[in-house]
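Structure record follows, encoded as structure tokens.
The values are calculated or read from the model by the stated rules, or taken from the named source; none is laboratory data. Remember, it's a predicted structure, so these values are computed and weren't measured experimentally. Quick reminder, even Gly has a Cβ in these numbers, built from the backbone with ideal geometry, and neighbours come from all protein chains shown.
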Amino acid sequence: MSTQEVLPEQFAQLFHRYHQVLENDPEGTHDQALPAWHEVPEEERTRLVDATRLALREMEIIGREAKKREDSYFAKPGEAEWGC
């Protein structure tokens, strides 16, 4: 498995593991425990991994766009226009 495949799989497992915390149920009204990752139906696991992959891709794009804006804001060494 490549790093690109392992990373989303690991994040999806973490999201699954911390689902109850992310659900924000301070009163503990959901007593039913989540099944272990290997017990989650394949379709649901695939959906979670796909969603994680999309989130990671979006984060990468946002990071590239921020870097592009940052790079375009400052002049490259030796290219700055000086004077009025």
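Is there a residue being modelled with pLDDT of 85 or more and part of a helix (DSSP H, G or I) anywhere in the stretch 18-28? There is no residue in the stretch 18-28 that is modelled with pLDDT of 85 or more and part of a helix (DSSP H, G or I).
Regarding the stretch 35-53, can at least one residue be identified that is in a helix (DSSP H, G or I), at pLDDT below 85 and out of contact with any Ser or Thr (no Cβ under 8 Å at 6 or more places or on another chain)?
Just the residues of the stretch 35-53 that are in a helix (DSSP H, G or I), to begin with: 37-39, 42-53.
Of the ones still in play, those that are also at pLDDT below 85 are none.
No, that holds for no residue.
Of all residue pairs spaced 6 or more apart or on separate chains, those with beta-carbon atoms under 8 Å, a first member in the stretch 1-23 that is more than 16 Å from Leu54 (Cβ to Cβ) and a second member that is modelled with pLDDT under 65 are Gln20/His30; Glu23/His30.
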